[in-house]
Structures are given as C-alpha cells and as structure tokens.
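First the structure, in the form of structure tokens, and then the observations on it.
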Amino acid sequence: MTDFLLELRCEEIPARMQLKASDDLARLFTEELAKAGLKPASIDSFVTPRRLALIARDLPLETAAVSEEFKGPRTSAPAQALEGFLRKTGLTQDQLEDRDGVWFAVVNKPGRATTDVLAEAVPAVIRAFPWPKSMRWGAASATTESLRWVRPLQGIIALLGGEIVPLSIEGVEAGRETMGHRFHSTGAIRIDGADDYADKLRAAYVIVSHQERQAIIEAKAGEAAAAKGYSVIEDKGLVAENAGLTEWPVPLLGDFDPEFLEVPPEVIQLTLRINQKYFVLRDAAGKLAPAFICTANIEAKDGGVAIVAGNRKVLAARLSDARFFWQQDRKTPLADQAKKLGRITFHEKLGTVADKVERIAKLAEWLASEGIVPNCDPALARQAAELCKADLVTEMVGEFPELQGVMGGYYARAEGLPDAVADAIRDHYKPVGQGDDVPTAPVTVALSLADKLDTVAAFFSQDLKPTGSKDPFALRRSALAIIQTLLENDVRMKILPAFEEGVKLANSAALNANMRRLQRASEVAKEAGIGSGTVSAMAATVSTPRAGWGAVVYQAVVWEILDFFADRLKVQQKEAGVRHDLIDAVFALGGEDDLVRLLARVKALQSFVATDDGANLLAGYKRAANILKKEGVEQAEAISLSYEPEKAEADLIAALDAAEPQAAQAVAAEEFEGAMAALATLRAPIDAFFETVTVNDADPAKRTTRLALLARVRDAVHNVADFSKITG
C-alpha cells in the first residue's frame, strides 16, 4: 500500500469557487478509481488560491482482477438488439451465455498496475472538471476541443509513493516540482512524496489547508482586535473568503476617521465587508468601532505598516462616497423619491413599482381599518406603504441593494416622520427567511403583510405561480413569511377575503398595464402608418385577457392560493412536529382559513389522536365511513325510529344528542380541546354499537335508520376535522 499525491497548479482561483472545487476533485477522482476497482482508505483535500491538491491514502500497487456480469436481450430479440449488446460488452456471440432464453455476458478484467490507472484517471478528471466558469488559453484555444480550466493550468504533480506517474495534458507534463509563495519563495520546490508535501510548502510560505488558514485568520484577527480593546463581528463567510484569497494569511488592524461613523452603521459594515473584504469591529460598548482588520498575504518587513496605510487610503475613498450618498439622498424627501417609482417596471403584466406601492397602500390600510391587525392606525399604515419602496431610487441603495428598506427607515427618521412609519419602512421586508426576525409593531405588521399578500396575489392572478422546483418570484418565501407573521403576532386574518382583495387589485393593475402597453403600441403603429383597424384589433387583444374577470374567476384563484398556503403551512410546521395529514384534515372542512385558529385546532387534534380515545374513535369513524361509502350514503337523513332500538343503538343516539351540541359550542368558542373531549364521549358507544348491532339488517327500516345514525356520527366528527384525511 502506498499514497498518491496530486497537485494541479494554476493562476489564481476565485475564492468563491475553491471549497467546492476541492470537494469536486476528491469526488471525481474517487469515481474514476472506482471504475478500475480501486478504493483509497481516505482522501485528504487541499486548496489554495493557486493550487488544488489531494492525497489518496493506502492504494495498492496493482488492481485486483474483476469479473462483471451484464444481462442482455432475450435470445428471441431482434438482431439489432443483440448487435448493440455485443458492441457494449466488446464480446462475440459465441462468448455469451444463454440462461433460460436470456443472453448474459461475463467480462473478465485482469489486474492492472495502479500507475496505469492513475495515468488515465487524472486527465479524465481534469477534462471533466465542473468549474462554474472556465477558460481556454494559448495557441491551443483556437479549437473548442482544447482544455478548459478555471485559469491557465501551469503544473501537475502526480506521485505514487515517490515515483512520478507519467501523464500529460495539453502539453503540461506531470512531475514532482511545484512553486511556493509568489513573493516569499523563489524557484521550484522538489516534492519527494505525499508525506513531505504540506511541510515543504509551509517552508515556502504556503499553508495548503484551507481550514488551517481559516483558523489562523480567526485567531490572529481576534488577537489584533483585542489588543486595541475591540472585538471582531463574527462572519464565517468572510473568514472563508479571506482564506481563499491568501496562501499565507496575516491579519492586520487599521483604523479610519471616526467622523465617518455619522453614516449608518449598516453602510459602513457593507463597505468594509463587500467592497474591501475587511472584518468589522465593535468597541467595548458594543458599537461600531472606527477600525477594521484586513488580511495580507505576506509577512511584511515593516510589520504591515505600509499595507495598512494603503488599505486605510482606499477605505477612506469608499467611505467618502458613502457619506456623499447619505448626505445627497437626505436632500430629497421620500415622497419626492417615490414619484420616480413610476419609471421602474415591477413586472410587465403588473405595471410599475408605483402601481405595486398603491396596491400595498390599499391593502395595508384595509388590514388596519378592518381591525385585522390590532391597534394599527390606518393613516400611518397607508403613509408607510406609500413610502416603503422610495429608497429604491436613492444613490445609497443603488450602491448597496442589500440596504433597501433599511435606508428608507433612516431617511424617514431623518425627515422627522413618525417612528412607527420609519420602523415599518425599515422592517417591511422581514422576515426574509427561516430564523429572521418577525415584525411585531402594528404598522410594520400591516405593511409587511400587505407587501407579501400583494406579491402572492399579483403573480397568482397572472398564472405566474411556482412550478416544481422553480419559484422565480420567491412566492413560497413570501407565503412562509406571511404564515410566520400571522402566527407569531396572533393576527386573526381570514386568508380568503384578504387574497380576494389582493387579486382584485392585482387584476386591475394588470389591466392598466395592458392598456398602457396598448397606448404605446398604438402610438408606434400610427407613426408607422398602420391603419386604425389594425390598432383596434390590437386593443382587443391587449385589453381582453383578465379584463372580464368575475366573482367565479376571482374565487378560483383565491382557492388556488389557499391550497398553496396549506402546502406552505405543512412545510413551516414540519419542524415543529405537526403532522401534515392533520393540517389536511382541518383544511378539508372548507372555510377554515384563519391560520391562527386552524393551527390551534390542528394541535388539539394531534394531541387527541395520540390518546386511546382518539385512536379508537378514528378507527370507529373509518369503519362507519367505509360502510357509508359502500352504501352510497352521502348525507345524513333524519332518524325516525319505527321500532324498539337495541340498547347499544339507543346509547349511541343519546351520546350523539349530548356530544354534538357540546362539540359545536366548543368549536364556536375556539375551545378545541373541549371539542375533542366531547367527541371522546362517543368512543365507547360507537365501539359497543359495532360489537352488538347489525347495520345491514334484513329489516329495511332498521337498515335505513342505522345508516343514518352512522352518517350522524360522521357529521359530528366533521364538525372538528375531516377524519378521512388522517393516516393511520
């Protein structure tokens, strides 16, 4: 057994591609070896900005002989099928075996030298490598058959034990030499084998382990910050990115003019992190510190003084731009900025962002005025909605799109608008994902719900809903955000009327957008000399879709949205351990579209079916439902006793007389545990009924009465949930 070292050296690999590339190299290499029956004991992967490498441990010097069996066509199959099978296996017909009328091929592969396997595997891996972006270079790039790599490939090390594996690709011959750090090392470095690879490169100022470089950056950055009384704001992604930019990381602390702290802290953080790849620091009070940590790729002779000075100069220019944007944007009131939103298309079928803002304003005001969002001032909700997208046209958001909403909140506060309005503008995009903060202030809740209600309603109204794994307008995320906001704030919003309102507004916007397109098309047509008849035909085409919608069509879309929300609720509640079939059981009742109430009912139902009474009642219900289905009984008829009922029959009637009103009253009062307790009293009478009473009695009167009694049981249970949807 021996180890194999592979290094693929090239010009700088983008940091964002490195870790996946390292994983891909190990995966592809393992797959290629497996084709020859080789499996290393383990694989160690390495990546730096200038190299991908791996060490495959404990490979044999030769592969074992293997025998593979392939099933072919039937012996009676057409000749073409047999010919294809022979080509696939490389055998002749006389080498096949006839087993019960089916051809089988046994292919024996002799053992091979591992060196030969590697000589074929490495070029195959290189050519099949799935870089997100790659390039060709040099004279060979004139043909599309030439090698593609992320950056020009400069060298290959391929050592099995201490011996070079003879291979080459595009003129690059495998050897045992590599290069060290671009500045701290000169000349080629001879590698004797896998065991000395990392140590020799470390001596040449290259740390080949990405994980080790990350650990160094975290530790040294923390030490540098602590020396000045600061702490580093944790940022795992930035640590990984800096590790991908350096082969010999040296974190250095610098500072900037405290006057820049007048700019909102989010702007400074993004300037440092996104533009400069610097770590952001806090002072002892937890506030943003006027300092940063950059990661150099060299051990500077002056301790990094010149590097820090250069970075400080670049950062000052960036922060000056940010301060300029901050100052300029505040000169224009948000209301004036909002007037520019009519120039921005939201969606070609749904008009402009200004159109969307007007829809949001109407929905937010409606949510407040109807009392759906408690303690929400309708005037403040409308004001916040009318300004919520205004920062999209500001200089700052143009530079940092991530700050939309956040900057609007700052500008609103600087303008002297009410805090409730400023907070709502700032937070109305929340929650943007699982774990994000959910708004709780009434105006913010109304605006956040209105924004997302409009998004879902608008795209569903134009039949632009998610399909399969595709969700280009992030409607699933919007639905989950609505669910989170409703549940965490205990907002009692009925989905059906809310979305009916949203769909009506969206359809009106779509019609307006169509008419605007018609007007533009008409103007173009007239300029082109097209007759009025043609323009009228265009008008009919453009304005007809969705224009004639009526209540039936609105309801169809709204019910489609309700189904969509049922699916999203199941996803959202799965982590909480809520069974999806119980959600279906409550949704199936129809008309239950208050998610807070629905989930309370589901949780009570889940507790109930976990008890003996619940499990046995479910079994009795299903038995009754099966009989009714078999007999074609869909509705319960009035029970008229024309005979003396058996005791179990009379007991069940009495139990239903007591349980039905109790369960109905409990459901109306939203005391769902009480409703379940009322249903639980039916368990024993139903069990006794099935044990002693013959439903399909020869007497037609008895049979009809007993079927009606079972239908009454079914309907009593359906007051709480549709038990037919419950599994188990």
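The values are calculated or read from the model by the stated rules, or taken from the named source; none is laboratory data. Computed from a predicted structure; not experimentally measured. Because the Cβ atoms are built from the backbone with ideal geometry, glycine has one as well, and the counts that use them run over all protein chains shown.
Tabulated data
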{"item": "Candidates GLU399, GLU415, filtered to the one that is closer than 28 Å to THR271 by Cα, charged (D, E, K, R) and in contact with an Asp or Glu (Cβ under 9 Å, 6 or more places away or on another chain)", "result": "GLU399"}
{"item": "Residue ID - nearest to ASP3 (Cα to Cα), chosen from residues in the stretch 45-88 that are surrounded by 20 or more Cβ atoms within 10 Å (Cβ to Cβ) and among the small types (Gly, Ala, Ser)", "result": "ALA56"}
{"item": "Helices (runs of 4 or more DSSP H) enclosed by the stretch 468-562 - at least 3 residues per element that are under 25 Å from GLU348 (Cβ atoms) and at pLDDT 85 or above", "result": "475-489, 495-527"}
{"item": "Residue in the stretch 418-426 that is of a type in the set (Gly, Ala, Ser) and touching a His at 6+ places or on another chain (Cβ under 6 Å) present", "result": "no"}
{"item": "Selection status of GLU691, on the phi > 0 side of the Ramachandran plot, at pLDDT 90 or above and either in contact with a Pro (Cβ under 7 Å, 6 or more places away or on another chain) or surrounded by fewer than 16 Cβ atoms within 10 Å (Cβ to Cβ) (or both)", "result": "no"}
{"item": "Members of the stretch 617-649 found to be closer than 17 Å to THR727 by Cβ and of a type in the set (Ser, Thr, Tyr), listed by number", "result": "TYR621"}
{"item": "Verdict on TYR205 being out of contact with any Leu (no Cβ under 6 Å at 6 or more places or on another chain) and touching a residue at least 24 places away in the same chain (Cβ under 8 Å)", "result": "yes"}
{"item": "Those residues of the stretch 559-578 which are free of Cβ contacts under 8 Å to residues at least 60 places away in the same chain and of a type in the set (Lys, Arg), in sequence order", "result": "LYS570, LYS574"}
{"item": "Verdict on THR63 being in contact with a Gly (Cβ under 7 Å, 6 or more places away or on another chain), over 24 Å from TRP248 (Cβ atoms) and not hydrophobic (A, V, I, L, M, F, W, C)", "result": "yes"}
{"item": "Which listed residue, of ASP436, ASP463, is of a type outside the set (Ser, Thr, Tyr), under 23 Å from the mean Cα position of the chain (by Cα) and closer than 25 Å to LEU272 by Cα", "result": "ASP436"}
{"item": "Index of the failed condition, LYS430 passing every other in (1) surrounded by fewer than 22 Cβ atoms within 10 Å (Cβ to Cβ); (2) at pLDDT below 95", "result": "(2)"}
{"item": "Residues located in the stretch 344-371, provided they are acidic (Asp, Glu) and either buried (at least 18 other Cβ atoms within 10 Å of the Cβ) or part of a helix (DSSP H, G or I) (or both)", "result": "ASP355, GLU358, GLU365"}
{"item": "Pairs where the first residue, in the stretch 451-475, is touching a residue at least 24 places away in the same chain (Cβ under 8 Å) and the second is acidic (Asp, Glu) and surrounded by fewer than 17 Cβ atoms within 10 Å (Cβ to Cβ), C-beta under 7 Å, 6+ apart", "result": "PHE460/GLU560"}
{"item": "Failed item, numbered, when PHE325 is tested on (1) in a helix (DSSP H, G or I); (2) in contact with a Gly (Cβ under 9 Å, 6 or more places away or on another chain); (3) under 23 Å from ILE233 (Cα atoms)", "result": "(3)"}
{"item": "From the options ALA225, ALA221, residue that is buried (at least 21 other Cβ atoms within 10 Å of the Cβ), in contact with a Ser or Thr (Cβ under 7 Å, 6 or more places away or on another chain) and either at pLDDT 95 or above or part of a helix (DSSP H, G or I) (or both)", "result": "ALA225"}
{"item": "Residue in the stretch 139-154 that is modelled with pLDDT under 95, farther than 28 Å from THR246 by Cβ and among the charged types (D, E, K, R) present", "result": "yes"}
{"item": "Qualifying residue in the stretch 159-179 (condition: without any contact (Cβ under 8 Å) to a residue 40 or more places away in the chain and aliphatic (A, V, I, L, M))", "result": "yes"}
{"item": "Selection from the stretch 663-683 of residues that are assigned to a helix (DSSP H, G or I) and surrounded by 17 or more Cβ atoms within 10 Å (Cβ to Cβ)", "result": "ALA663, ALA666, VAL667, PHE672, ALA675, MET676, ALA677, ALA678, LEU679, ALA680, ARG683"}
{"item": "Some residue of the stretch 233-246 being in a loop (DSSP other than H, G, I, E, B), under 35 Å from the mean Cα position of the chain (by Cα), within 30 Å of ARG50 (Cα to Cα) and hydrophobic (A, V, I, L, M, F, W, C)", "result": "yes"}
{"item": "Flag if LEU341 is under 34 Å from the mean Cα position of the chain (by Cα), modelled with pLDDT of 95 or more and farther than 30 Å from LYS220 by Cα", "result": "yes"}
{"item": "The stretch 182-218, residues that are within 39 Å of the chain's Cα centre (by Cα), more than 21 Å from LEU6 (Cβ to Cβ) and not aliphatic (A, V, I, L, M)", "result": "GLN214, GLU218"}
{"item": "Any hit, the stretch 150-170, residues being β-branched (Val, Ile, Thr), over 24 Å from VAL47 (Cα atoms) and not assigned by the TED database to the domain that holds LEU82", "result": "no"}
{"item": "Hits in the stretch 230-239 - residues which are surrounded by fewer than 19 Cβ atoms within 10 Å (Cβ to Cβ) and among the aliphatic types (A, V, I, L, M)", "result": "ILE233"}
{"item": "Residues located in the stretch 82-119, provided they are in contact (Cβ under 8 Å) with a residue 24 or more places away in the chain, within 23 Å of GLY37 (Cα to Cα) and not hydrophobic (A, V, I, L, M, F, W, C)", "result": "ASN108, LYS109, PRO110, GLY111, ARG112, THR114, THR115"}
{"item": "Selection from the stretch 245-286 of residues that are without any contact (Cβ under 8 Å) to a residue 40 or more places away in the chain and surrounded by 22 or more Cβ atoms within 10 Å (Cβ to Cβ)", "result": "TYR278"}
{"item": "Residue selected from the stretch 62-87 under the condition among the hydrophobic types (A, V, I, L, M, F, W, C) and part of a strand (DSSP E or B), by the criterion modelled with the lowest pLDDT", "result": "VAL66"}
{"item": "Selection from the stretch 372-430 of residues that are of a type in the set (A, V, I, L, M, F, W, C), in a loop (DSSP other than H, G, I, E, B) and within 30 Å of the chain's Cα centre (by Cα)", "result": "ILE372, VAL373, CYS388, PHE400"}
{"item": "Residue, surrounded by the most Cβ atoms within 10 Å (Cβ to Cβ), within the stretch 704-728, restricted to residues that are more than 44 Å from the chain's Cα centre (by Cα) and within 19 Å of ASP651 (Cβ to Cβ)", "result": "LEU710"}
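This table checks each residue for (1) modelled with pLDDT of 95 or more; (2) in contact with a helix residue (DSSP H, G or I) (Cβ under 6 Å, 6 or more places away or on another chain); (3) among the polar types (S, T, N, Q).
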position: GLU259; (1), (2), (3): yes, no, no
position: ALA291; (1), (2), (3): yes, no, no
position: ASN297; (1), (2), (3): yes, no, yes
position: GLU348; (1), (2), (3): no, no, no
